[in-house]
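First up is the structure itself, then whatever we jot down about it.
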Amino acid sequence: MTTFLFDGSFDGLLTAVFEFYDRKAAAAALFRKEDYVPTLLNEDIVEVVTDPARAQRVWKGMGKRISKDFLRKFYCAYLSEQKEVMHHLFSFACHIFVAPAGFENNYSDERILSIAYADKIVNREKHRMKAFIRFQKSKDELFFSVIKPDFNVLPLISRHFKERYADQKWLIYDEKRKYGLYYDLRSVQEITLQPSEETADNNDITLAVLDEKEELYSLLWKDYFKHTNIESRKNLKLHIQHVPKRYWRYLTEKAIS
């Protein structure tokens, strides 16, 4: 058994597939370096050095063997960051180069089921982030939001917010993964912040000083929401079904006054 250890990146995953074939490994497993726990078994350990060029060769090769739709599912499943899914992605990518055409449609295969399910939950989180993210305005005209999604969905929502808010500068920061997307009116860039610049909670913004009108807008919106909400028709169970409590932290009308 050959055990490949990678850095957790998408290019690292694809580089591991390249190494699998380059070393002609018969059987293999993949782990993030920080997740791997040595065993008493006689394992051949390979520490994968991420190589973007090799990763691109594998990605292009996969694109010739599976549909564009499943190629996207493969990437979205990776964004789930789940350990078991990483193993299935690696195993699938290694197998697809020797599998018959249309193998990605074989949903009786455990790997394909795992990838499809991970793709589903990641895209569900993507749609919820697109719907629930709320921006606050700073004094220097920057609109920003601090989020903590279950999965790494920032790469999937970049285009949506760029097109929707094309005329204003904005920052969406993932406090769980310590990076964000910054739009400067021209392009979206991936950024990281120093620990002193980060915020511990979405209700305790330290990324920037709020515009003095921001609090007024927030109060007006809460007041509007309160007076348009018909108490007799309130159905908390149904409401939570459509808007789970973990997303309330992003909504102005749910913020504690």
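Some points to look at:
- Some residue of segment 101-114 being among the charged types (D, E, K, R), open to solvent by less than 60 Å² (accessible area, probe 1.4 Å), touching an Asp or Glu at 6+ places or on another chain (Cβ under 7 Å) and not in a helix (DSSP H, G or I): no
- Residues considered: Lys126, Lys148, Lys130. Of these, the only one that is under 15 Å from the mean Cα position of the chain (by Cα), more than 15 Å from Gln189 (Cβ to Cβ) and modelled with pLDDT of 95 or more is Lys126.
- Residue within segment 106-118 that is touching a Lys or Arg at 6+ places or on another chain (Cβ under 7 Å) and in contact (Cβ under 8 Å) with a residue 12 or more places away in the chain present: yes
- Qualifying residue in segment 165-177 (condition: exposed (fewer than 12 other Cβ atoms within 10 Å of the Cβ) and not basic (Lys, Arg)): yes
- Subset of segment 48-73 (residues that are touching a helix residue (DSSP H, G or I) at 6+ places or on another chain (Cβ under 9 Å), among the charged types (D, E, K, R) and within 15 Å of Val17 (Cβ to Cβ)): Asp51, Arg54, Arg57, Arg65
The values are calculated or read from the model by the stated rules, or taken from the named source; none is laboratory data. All figures in this text were calculated on a predicted structure; none of them were measured in a lab. All Cβ positions, even for glycine, are placed from backbone atoms using ideal geometry, and neighbour counts span all protein chains on display. Only protein heavy atoms, including side chains, enter the accessible area calculation; ligands, DNA and RNA are left aside. Shrake-Rupley method; radii C 1.70, N 1.55, O 1.52, S 1.80 Å.
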